[in-house]
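Chemist: Dropping a structure here in structure tokens format, bear with me for questions.
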Amino acid sequence: MTRTNTSDRSWTLPAGALPDLLAALAATCELWTPRPVGGGTRFLPHGEDRPLDLAQTPPAHSVKAVLFPNPETLFTYRRNGNDVALTPPEPDGRSLIVFGARACDARAVAALDAVFLGRSIPDPAYLERRERLCLVGLACVSPAATCFCHRMGSGPFDASGMDVQIVPLDDIYVFHLLTKRGEACLAPFRDRFEAADGDTLKKVAATKAGLEGAEPSVDFTALKDAVKQHRDDPYWETLAAACLGCGICTFLCPVCSCFSITDTGNRRGGRRVRYWDACMFPAFTKEASGHNPRGDEPARVKQRFFHKFYYSIENGEPPGCVGCGRCVIHCPAGIDIREIVSRFQPEAAS
Amino acid sequence: MNRSLFVPQRMEIVKVTDEVATHDIFTFELAPLGGGIAPYLPGQFAELSVFGAGEAPFGYASSPHETGTVRFTVKRMGALTRELHRLGPGAVVGMRGPLGNPFPLDRFEGRDLIVVGGGYAFTTLRSLIATLLTDKHRKRAGRITLFYGVRHPGLFLYKGELDRWRTAKELSLHLTVDAADETWKGPVKLVPDLVRDTAPATENAVAVVCGPPAMIRFTLPVLETLGVGEENILISMERKMKCGVGMCGRCNLGPRFVCKDGPVFTLKELRELTDDY
Amino acid sequence: MTGSAALAETLRKVFKDEKLDGLIGYAAGTTPLRPRPAVFTAPGDFDAAVFDGFCVQNLATYLRRHPDRRMGILVKGCDRRAVTVLIQERQVAREDLFLIGVPCPGMLNRARLLTEFPGLETGGVAEEGDTLTVAAADGPVSLARADYLLPACRACRHRVPTDVDLMLDAPPFAAPEADTSLGELTGGIDGMERRERAALFAEELSRCILCYACRNVCPFCYCETCFTDTLQPAWMTPAPEPNDIFFYHFNRMMHMSGRCVACGSCAWACPEQIPLHLLFGKITADVAELFAFEAGLDETTPQPMSHFSEDDPDEHIG
């Protein structure tokens, strides 16, 4: 094969060489790879104990579970006489590579950034991980029937939020280096790759073209304006009639980032931890007096969708949904966020 | 507090005051162990920690001019406050603050102020009034009319201070109780009725309301009827909070958060944001 | 019952004739394998009614949401038993209910089918007799229905609901009746060493995220405030720390003894595919063995845990 038009920012790796590359990365970085556990694939610290699974779309959990772990220690406390010593966790100096995240999950990181980095004070634990993060994403060549990233303004090949995007072709992976951080992470392993040639890049383009969505993106501003008009719509009661009020949709959502904080331990010593909490739980907003501003199921169901499609947009933050479909897949009551979007999406935008 | 957003400042309890006849509301005076007290203004709040029991938000009861220590008045309600009430001088607790936004003191300049408080929520209004009565502010403020009601006379907070305020010429004080005892000489009526019957001048007034939901609900129409516009009625909101900085997600009123955008909102804002105030 | 059009007509007729305020059944979902619980409140609603091998969720869970209303409810064997338990526990009144029975064909393991045949989410599954025809990526594949039943359904011996107000015809698809029992399904646990058993549950429960889907889908988890949420005393830390996860599941299991009808909804709802049927199957099998009792079979036999009898077994008291 004659090599023409090779790219210095697109490298190829034989599929069989991937395990060795990952092992080499894991030796120097904090590497998370998607591997199956108990029927679902999730990002786990890389190891040989379980095989790599780049097929399950989407993985059971998103990048959220790495950047915003559940639970997470904020500090330990130890009482010493009357005084108390407070010790936050030690930072990790290594690069943090999350390998194989799809477009939806990579895009969701921007929404997490808005919450954890967009307030008057950044969240230290999140910031610490975010500054080390190198997101090695995977172009999504087999979207699931429950996926709807196109409608949420993205697509299977959307590389936003990624430092490197991998495109799987027949027997090779094409690594597109998108940021300096991505280059820095892979530069030490340059000799394992070859520069991608023109034919390869054409194949990538053809694969991408085959996955272009027929469905147009919603107009989020119009959607916000429409949703906003429906504060008193009886539709929320209809939805709530089946909703079980569990935390599946919020916990598996790559964007939902509400949390609570509690102490685990006793008066002498222990840890203050934060953990995922959900607007679907009555206790989320129930006050010590017993008053609950979102005391019924319709109010809670509405809060979830208002947050995603109204409050986020109103506040200039990324939309609260990236179209990964996890809530569609797992909701026991069959509540499908796509139906809600369709209901409120003004005709003009479709 | 950048690097340690969730790691509180260690504070030593220097004094505990039993405030009311039911002995379930204590004021804790706290002095920092290392570091100073971060500047704060009335209306702001802090998260207090009892290690092993967790963390909860409380409005500052002290005023910024009272330097060296800060005070919080805490009612025994749940697990954390029960643990806090067990602690005495010398014990170390945690504090994260100030959080939230203060009362807009600039807006009060040259205006009459109608302050309406009820029950235990009076604590943050005490901080406000004490601040407005300092030399720095009193010359610039108009007349302050303070309404404060509790269920029975034994439940007034800060009794010594209320006695002093009774004679302050910048302030007219109106106390009321739901049910009197033999010591009580004042009116026996609900706060909204007291406000209506007293009918303070409203042409140039800003009103501040802080109290239990029922008191707020019935006081707002009285103030509006007296002529205070919805943009001139300020309400200090309470919601369950954890982070205090707009991350944990629970205290929102529509697209805004009580913690980072409040806790003080105008009635006009609240009407646009939520049905529940 | 031959199809959803006939089902819709039957349910619509019942709704009108019985002057029901609502009828709880299953409606078509947004993908073929995801029928969903629905409260039909108008004659037009019934066009969406379906019943197939994916109607797992126990509908009795929704009954308490409609106090003082005359409700119809579609019941499989396990839903019917759950209704009986709720009547015994004074949560619903039999006279407020119109029970529409459907002989259960045994419910299918959607998660397993989707894992083995990724195209099914769009293609769906055709159910006929004891055979499933799945739309696999490279053409249709026939499977024995019995091989793809949920664990709880494999052990179920009460598929046909009893004492209903209207019994629908059996659907034209079904697996043969029970090929195992709860005792057999969970028997492996008894044979394990304590450490081995602890390791098994530690491994499986390590995935738990405390989403409480298992609790919220359960017809019997209706406490106004669950022990997970009480603050005084705080029985557990609400963060998903290993001890708290254990505490949650084993306490819930204890609360289910003599009440669980082994419908399998909890294991089915779990997004982490934690085999909760091991816990609930075990407690149910133990109650059956110790007290010769199965929950929800009749209203008159008291639940062993809410009833004292002189000859209750007491070996555990030592």
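The values are calculated or read from the model by the stated rules, or taken from the named source; none is laboratory data. Owing to the predicted nature of the structure, the values given are computational and were not obtained by experimental measurement. All Cβ positions, even for glycine, are placed from backbone atoms using ideal geometry, and neighbour counts span all protein chains on display. Remember, those area values only see protein heavy atoms, side chains included, never the ligands or the DNA or RNA. Shrake-Rupley method; radii C 1.70, N 1.55, O 1.52, S 1.80 Å.
Chemist: For region C:5-306, would you read off the P(r) tail past 36 Å as a percentage of all alpha carbon pairs?
Modeler: 17 percent
Chemist: Peptides C:297-303, C:151-157: what's the order by average Cβ count within 10 Å, highest mean first?
Modeler: Those peptides, ordered most packed to least, come out C:151-157, C:297-303.
Chemist: Continuing with the same structure: Which of A:ALA159, A:PHE193, A:ALA114 sits closest to the plus end of the dipole of region A:99-200, meaning its Cα is farthest towards the positive end, when Lys and Arg get +1 and Asp and Glu get -1 on the C-beta?
Modeler: Of the candidates, A:ALA114 comes out farthest on the positive side.
Chemist: Turning to a different aspect of this structure: Can you tell me the FRET efficiency between A:LYS180 and C:ASP286 if r is taken as the Cβ-Cβ distance and R0 is 51 Å, rounded to the nearest 0.05?
Modeler: In this case the efficiency is close to 0.25.
Chemist: Gain in length, C:THR122 to C:GLU299, computed as 0.36 nm per residue apart minus the alpha-carbon separation, to one decimal in nm?
Modeler: Here the answer is 59.5 nm.
Chemist: Turning to a different aspect of this structure: Among A:LEU52, A:GLY100, A:LEU13, whose Cα sits farthest toward the positive end of the charge dipole of region A:6-209 (+1 at Cβ of Lys/Arg, -1 at Cβ of Asp/Glu, about the Cα centre)?
Modeler: Of the listed residues, the answer is A:GLY100.
Chemist: At a Förster distance of 45 Å, what's the computed FRET efficiency of B:THR167 paired with A:ASN82, Cβ-Cβ distance as r, to 0.05?
Modeler: 0.65
Chemist: Further question: From the residues A:ASN292, A:HIS230, A:VAL273, which one has its Cα farthest along the dipole of region A:220-297 in the positive direction, the dipole being from +1 and -1 charges on Cβ of Lys/Arg and Asp/Glu about the Cα centre?
Modeler: Projecting each Cα onto the dipole axis, the largest value belongs to A:VAL273.
Chemist: At a Cα cut-off below 21 Å, give the lysines reachable from C:LYS76, other chains included and same-chain residues fewer than 8 away excluded.
Modeler: C:LYS13
Chemist: Same structure again: So for the pair B:LYS136, C:SER142, with labels modelled 7 Å out along Cα→Cβ, what separation do we get in nm?
Modeler: It is 8.8 nm.
Chemist: With solvent modelled as a 1.4 Å probe, how much accessible area in total do chains C and A shield from it at their shared surface, in Å² to the nearest 100?
Modeler: Buried area (both sides, nearest 100 Å²): 2800 Å².
Chemist: Rounded if a/c is under 1.5, else prolate if a/b beats b/c, else oblate: with a ≥ b ≥ c from the C-alpha gyration tensor eigenvalues square-rooted, which is chain B?
Modeler: Because a/c hits 1.5 or more and a/b exceeds b/c, chain B counts as prolate.
Chemist: Carbon-plus-sulfur fraction of the accessible area of the protein assembly as shown, 1.4 Å probe, in percent?
Modeler: After summing per-atom areas, the C and S share lands at 52 percent.
Chemist: Tell me the per residue accessible area of chain A using a 1.4 Å probe; a whole number in Å² is fine.
Modeler: 39 Å²
Chemist: Then there's this: Quick one: Cα centre-to-centre distance for region C:257-280 and region A:21-68, in angstrom?
Modeler: 28 Å
Chemist: Got a number for the accessible area of A:TRP11? Probe 1.4 Å, square angstrom, nearest 10.
Modeler: 20 Å²
Chemist: Could you work out the relative contact order of chain A, using alpha carbon pairs under 8 angstrom and six or more residues apart, expressed as a whole percent?
Modeler: 22 percent
Chemist: Within 10 Å, count the other beta carbons around each residue, average over each peptide in C:212-219, B:78-85, A:55-62, and list them highest first.
Modeler: C:212-219, A:55-62, B:78-85
Chemist: Can you classify region A:6-209 as rounded, prolate or oblate using the Cα gyration tensor, where a ≥ b ≥ c are the square roots of its eigenvalues, rounded means a/c under 1.5, and otherwise it's prolate if a/b beats b/c and oblate if not?
Modeler: Taking the square roots of the gyration eigenvalues as a ≥ b ≥ c, region A:6-209 is prolate.
Chemist: Please give the residues from region A:24-45 for which the solvent-accessible area of heavy atoms, probe 1.4 Å, is smaller by at least 40 Å² with all protein chains in place than with the chain isolated.
Modeler: A:GLY38, A:ARG42
Chemist: While we're looking at this one, here's another question. Assigning unit charges at the beta carbon (Lys, Arg +1; Asp, Glu -1) and nothing else, what dipole magnitude in debye, to the nearest 20, does the protein assembly as shown show about its Cα centre?
Modeler: Here the protein assembly as shown has a charge dipole of around 3020 debye.
Chemist: Taking R0 as 22 Å, what's the FRET efficiency between C:SER181 and C:ASP314 from their Cβ-Cβ distance, rounded to 0.05?
Modeler: In this case the efficiency is close to 0.30.
Chemist: For B:ARG71, what accessible surface area do you get with a 1.4 Å probe? Give it in Å², rounded to 10.
Modeler: 60 Å²
Chemist: Based on Cβ point charges of +1 for Lys and Arg and -1 for Asp and Glu, what charge dipole magnitude is obtained for chain B about its Cα centre, in debye rounded to the nearest 20?
Modeler: Dipole magnitude for chain B comes out near 500 debye.
Chemist: With every protein chain kept in place and ligands, DNA and RNA left out, what is the accessible area per residue of region B:82-208? Probe 1.4 Å, answer in Å².
Modeler: That works out to 42 Å² for each residue.
Chemist: Any residues in region B:54-95 that have 50 Å² or more less accessible area with all protein chains than in their chain alone, probe 1.4 Å, and which are they?
Modeler: B:MET77, B:VAL92
Chemist: Can I ask one more? Show me the GluC sites (Glu not before Pro) within region B:124-211 that DSSP assigns to loop and that have at most 15 other Cβ atoms within 10 Å of their Cβ.
Modeler: B:GLU182, B:GLU203
Chemist: Now, a different point. Rounded to the nearest 20 debye, what is the charge dipole size of region A:220-348 about its Cα centre when +1 sits on each Lys and Arg Cβ and -1 on each Asp and Glu Cβ?
Modeler: 700 debye
Chemist: Could you work out how much longer the chain between C:ARG90 and C:ARG112 gets when fully extended? Use 0.36 nm per residue separation minus the Cα distance between them, nm to one decimal.
Modeler: 4.2 nm
Chemist: Okay, next question. Restricting to chain B, what percent of DSSP beta bridges are antiparallel, rounded to 5?
Modeler: Within chain B, antiparallel bridges account for around 60 percent of the total.
Chemist: Past 18 Å, Cα to Cα: identify those pairs from A:LYS308/B:LYS240; A:LYS180/A:LYS203; B:LYS15/B:LYS75, in the order given.
Modeler: A:LYS308/B:LYS240; A:LYS180/A:LYS203
Chemist: Another question, if that's okay. How far apart, in nanometres, would the label points at B:ALA201 and C:TYR222 be if each is projected 7 angstrom from Cα along the Cα-to-Cβ direction?
Modeler: The two pseudo-label positions are separated by 6.2 nm.
Chemist: Ranked from the most accessible area to the least, with a 1.4 Å probe and all protein chains present, what is the order of A:SER312, A:SER95?
Modeler: The most accessible residue leads, giving A:SER95, A:SER312.
Chemist: Which distance in nm do the two modelled labels at A:SER160 and B:THR22 give, with both placed 7 Å along the Cα-to-Cβ direction?
Modeler: 5.3 nm
Chemist: Sticking with this structure for a sec: Which ³J(HN,Hα) values in Hz, rounded to whole numbers, follow from the phi angles of region A:45-53 under the Karplus curve 6.51 cos²θ - 1.76 cosθ + 1.60, where θ = phi - 60° and Gly and Pro get x?
Modeler: For region A:45-53, the Karplus curve yields x, 4, x, 8, 5, 9, x, 6, 10 Hz.
Chemist: At 1.4 Å probe size, with every protein chain present, just tell me what the per residue accessible area of region C:112-172 comes to in Å².
Modeler: Normalised by residue count, the accessible surface of region C:112-172 is 51 Å².
Chemist: Let me ask something additional. Could you sort A:SER120, A:SER154 by their accessible area in this structure, using a 1.4 Å probe and putting the largest first?
Modeler: Reading off the accessible areas and sorting them downward yields A:SER120, A:SER154.
Chemist: Moving on. Kindly identify residues of region B:241-257 having a loss of at least 40 Å² in accessible area between the isolated chain and the assembly of all protein chains, probe radius 1.4 Å.
Modeler: B:LYS242, B:MET247, B:CYS248, B:ARG250, B:ASN252, B:PRO255
Chemist: Am I reading the B/A interface right? What is its buried accessible area, both sides, 1.4 Å probe, to the nearest 100 Å²?
Modeler: The B and A chains share an interface burying roughly 3700 Å².
Chemist: Let me ask something else. Compute the signed sum of charges (Lys and Arg +1, Asp and Glu -1) over the other residues within less than 10 Å, Cβ to Cβ, of C:GLU272.
Modeler: Taking every Cβ under 10 Å from that of C:GLU272, the sum is +1.
Chemist: Mind checking A:248-256 for the average number of partner chain beta-carbons within 10 Å of each residue's beta-carbon?
Modeler: 3
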